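A short worksheet on the structure shown next.
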Amino acid sequence: MRVLGIETSCDETAVAVFDTAEGLLGHRLYSQTPLHAEYGGVVPELAARDHVRRLLGLTTDLTGALGSRELDGVAYTAGPGLIGALLVGAAFARGLALARGIPALGVHHMEAHLLAPMLEDPAPEFPFLALLVSGGHTLLVDVDGPGRYRILGRSLDDAVGEAFDKAAKLLGLGYPGGPAIAAAAEDGRPGALRFPRPMTDRPGLDFSFSGLKTFTRNTAAESALDPQRVADIARAFEEAAVDTLVIKVRRALESSGRQRCVVAGGVGANRRLRQRLAQLGERMSVSFFFPRPEFCTDNAAMVALAGAQRLVAGERDPAGGRPVRPRWSLDDLAPPAAA
Ligand code: KG4
Ligand code: ZN
């Protein structure tokens with residue numbers, strides 16, 4: 001089955017074609033980052049309007065490059081995400097499917113992130129533990145098989161990506177904050193400052209990152225923010241955030257006994273996190289699977305793959321379409337099934 005994937009849940013407009021026999025055939029992405037940068041964060045209405053502007057051009061560019069072979073289905077992100085942005089992708093996907101006489105299917109954005117490591121070689125086999133770390137989510141999930149997800153831990157307040165974004169804003173490093181913090185941290189002196197590792201001193205797998213943000217704000221206010229000070233704070237913040245994630249992943253691996261762990265979502269692109277988890281994997285004899293960095297952040301390849309898994313099982317949107325879901329928990333999903 002050859003599936004067109006469409007991603008418009010936030011500030012990336014992306015399309016991709018995934019073939020269940022041949023793998024990923026191509027993908028296109030337009031990032032709205034410059035559009036939102038001057039506001040220091042995503043402006044939902046601007047995001048939706050820009051998706052309208054970009055989607056058709058990206059799609060015709062991709063399908064044109066791939067030649068004449070027909071598509072067998074269209075998968076689009078139906079949630080969670082910004083409602084206006086989701087509606088643009090959903091309307092476009094359904095219209096395209098209707099015009100071509102092929103099925104459409106709404107996909108869960110976090111399921112797509114979770115399956116993104118399957119775009120790589122070697123792909124992880126089920127079951128596995130998943131660490132999903134993005135701008136909106138921080139989740140530890142036990143994955144028994146497709147659509148069989150049990151959330152073991154989640155953030156009780158800010159998502160870790162959000163904490164990166166807010167810390168970067170406090171330090172005047174711009175948006176998006178994750179890559180900006182990581183770059184600034186390169187010049188930070190190890191051990192110059194030490195930030196807390198929230199909720200690691202008590203049992204459990206939940207996270208909290210709002211205290212780390214406050215600690216960052218207070219530290220930033222203590223003295224003048226010259227470049228060395230900014231770098232030291234960025235370094236201390238990144239180490240604390242990464243350490244916190246690594247400690248909880250270790251705990252989840254110990255308690256679940258899983259031998260494989262996948263890491264996905266935008267923060268999964270973070271080099272320090274990838275290195276530290278790879279080291280943990282060696283110590284625990286656990287195999288870690290990461291998507292390439294461009295498939296950690298939002299993309300349509302993961303949406304096409306997640307949609308294809310369900311479309312081949314016969315799953316379809318209901319006849320009258322389905323509402324998009326700005327909020328949608330991963331554990332509401334069921335295994336792929338015929339509609
Ligand atoms: O998955 P994603 O592209 O979008 C959401 O679904 O939220 O994740 C975006 C988040 C942002 O908070 C961004 O700052 C963070 O991922 N991020 C990073 C890095 N690259 C992106 N955080 C830390 N280090 C990075 N290299
Ligand atoms: Zn995402």
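Other residues within the sphere of radius under 15 Å centred on the Cβ of His27, judged by their own Cβ, net out at -4 (K and R +1, D and E -1). Most tightly packed first, judged by the mean number of other beta-carbon atoms within 10 Å of their residues, the peptides 121-131, 187-197, 42-52 read 42-52, 121-131, 187-197. With contacts taken as Cα pairs under 8 Å and at least 6 residues apart, the chain reaches a relative contact order of 24 percent.
Region 224-295 and region 68-147 have their alpha-carbon centroids 24 Å apart.
As a rough guide to protection, the peptides 101-111, 204-214 ranked by mean Cβ packing within 10 Å, highest first, stand as 101-111, 204-214. Here the extension length gained between Thr214 and Asp201 equals 2.8 nm, from 0.36 nm per residue of separation less the Cα-Cα distance.
Coordinate-derived values only; no laboratory data. Fair warning: this is a prediction, and the values are worked out from it, not measured in the lab. Every residue, glycine as well, gets a Cβ built from its backbone with ideal geometry; the counts of neighbours run over all protein chains shown.
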